[in-house]
Amino acid sequence: MATKNAKPSKTVKPGKAVSLGRHTDAMVDALKNRDDIDWVKKEMLLGLSRAWDLIEQTGNNTQTIPSISRELREIWDSTSLPNDGDIFE
């Protein structure tokens, strides 16, 4: 399988850990053991984090980062997660 620029895409091998990207990694850590958050909000937070990581990897659509950031913050605040620092540091 190849990407648009004819570079081979990375494949996932069974049993091998794959880096998710810094935003997704941070969100996974923040959501661990948080059974009080419904799965829809969890998936929204993870999806936005994945989108941000993809933008950083490709360099495409960087103008959407402020919107993604704003949406992440609104969902984050609506879940009443602790606001004791930036989870993306």
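The values are calculated or read from the model by the stated rules, or taken from the named source; none is laboratory data. Just so it is clear, the structure is predicted and the values come from calculations on it, not from any experiment. Because the Cβ atoms are built from the backbone with ideal geometry, glycine has one as well, and the counts that use them run over all protein chains shown.
Right, residue 75: more than 16 Å from residue 20 (Cβ to Cβ), in a helix (DSSP H, G or I) and not acidic (Asp, Glu) or not? Lay out the reasoning, then the answer.
Working: more than 16 Å from residue 20 (Cβ to Cβ): yes; in a helix (DSSP H, G or I): yes; not acidic (Asp, Glu): yes.
Here the answer is yes, as residue 75 does meet what is asked.
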* Quick one: is residue 83 modelled with pLDDT under 90 and surrounded by fewer than 10 Cβ atoms within 10 Å (Cβ to Cβ)? -> no
